[in-house]
Amino acid sequence: MEIRPNGTQFFSQHVSTEDQNLLLEDIRARIPDAPLYTPTMPRTGKSMSVRMTNFGAAGWMSDAKGYRYQRAHPETGNPWPDIPQSILDIWTGLLPDAPLPDVCLCNYYPADAKMGLHQDRDEQDLTIPVLSISLGDTALFRLGQTTRGGKTQSFKLRSGDVMILQGTDRLAYHGIDRIYPGTSSLLKQGGRINLTLRKAL
Ligand code: MD6
Ligand code: FE
């Protein structure tokens, strides 16, 4: 469902509980090869509150040197594991005409994590949509405009929800203001996983 004209699409409860568990299995199978690590911010070098890993030909990275895509895990030096077919199927189901994604960023939010307002703009072709899948505890997502300081709207993202930023909102600022602990039983340890699919290269 389109929540902004020619822009953001939101699919409430698009992924069934059964499929959420299958996605989790596929994610867990890849974490030993691509452990979650704590990214740092450009310039300040401060740690982010999420832990991060990637699947696909490249992975999105943030550290003191800046934001970029790179082909190897920053700690192991190994290539990233492949993107699970179960995750690719969600993309092709909703975006049949878009090129296939080559990056799946996987962010884990503990109960106290947040994500500052940002644009997704490190990809080569900024006309290709970005799709995100939420798993676990509910998050408060804030969506603004393509310039900083514009009017913002807030939405709750629940386990199984899918968000697509495209069209006039492809470069809209967005972020996560908070996590609501204890709102999902999907992850035994609590917290939230967000998967972001992009064609970056
Ligand atoms: C999150 N999401 O949901 C953060 N980016 O944890 C994003 O940064 C995002 O939801 C691009 C497109 C959709 C998103
Ligand atoms: Fe984003």
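No value in this document is a laboratory result; all are computed from the given coordinates. Note that this is a predicted model, so its numbers are computed, not measured. All Cβ positions, even for glycine, are placed from backbone atoms using ideal geometry, and neighbour counts span all protein chains on display.
List of remarks:
- Residues in the range 1-29 that are assigned to a helix (DSSP H, G or I) and either under 15 Å from L88 (Cα atoms) or of a type in the set (A, V, I, L, M, F, W, C) (or both): D19, Q20, L22, L23, L24, E25, D26, I27, A29.
- Any hit, the range 158-176, residues being touching a residue at least 40 places away in the same chain (Cβ under 8 Å), in contact with a Lys or Arg (Cβ under 6 Å, 6 or more places away or on another chain) and under 21 Å from S47 (Cβ atoms): yes
- Of residues in the range 137-176 being surrounded by fewer than 20 Cβ atoms within 10 Å (Cβ to Cβ) and charged (D, E, K, R), the one nearest to N107 (Cα to Cα): R158
- Residue check, D112 closer than 19 Å to M48 by Cα and either in contact with a helix residue (DSSP H, G or I) (Cβ under 8 Å, 6 or more places away or on another chain) or among the charged types (D, E, K, R) (or both): yes
- Any hit, the range 169-182, residues being more than 12 Å from ligand 1 (Cβ to nearest atom), of a type outside the set (F, W, Y) and in a loop (DSSP other than H, G, I, E, B): yes
- Qualifying residue in the range 117-128 (condition: farther than 19 Å from Y69 by Cα and touching a residue at least 12 places away in the same chain (Cβ under 8 Å)): yes
- Criterion (aromatic (F, W, Y), within 27 Å of A34 (Cα to Cα) and within 16 Å of ligand 2 (Cβ to nearest atom)) met by exactly one of F141, F155: F141
- Residues that are acidic (D, E) and under 28 Å from D169 (Cβ atoms) within the range 1-46 comprise E2, D19, listed in sequence order.
- The range 185-201, residues that are outside any strand (DSSP E or B) and either in contact (Cβ under 8 Å) with a residue 12 or more places away in the chain or polar (S, T, N, Q) (or both): S185, L186, L187, Q189, G190, G191, K199, A200, L201
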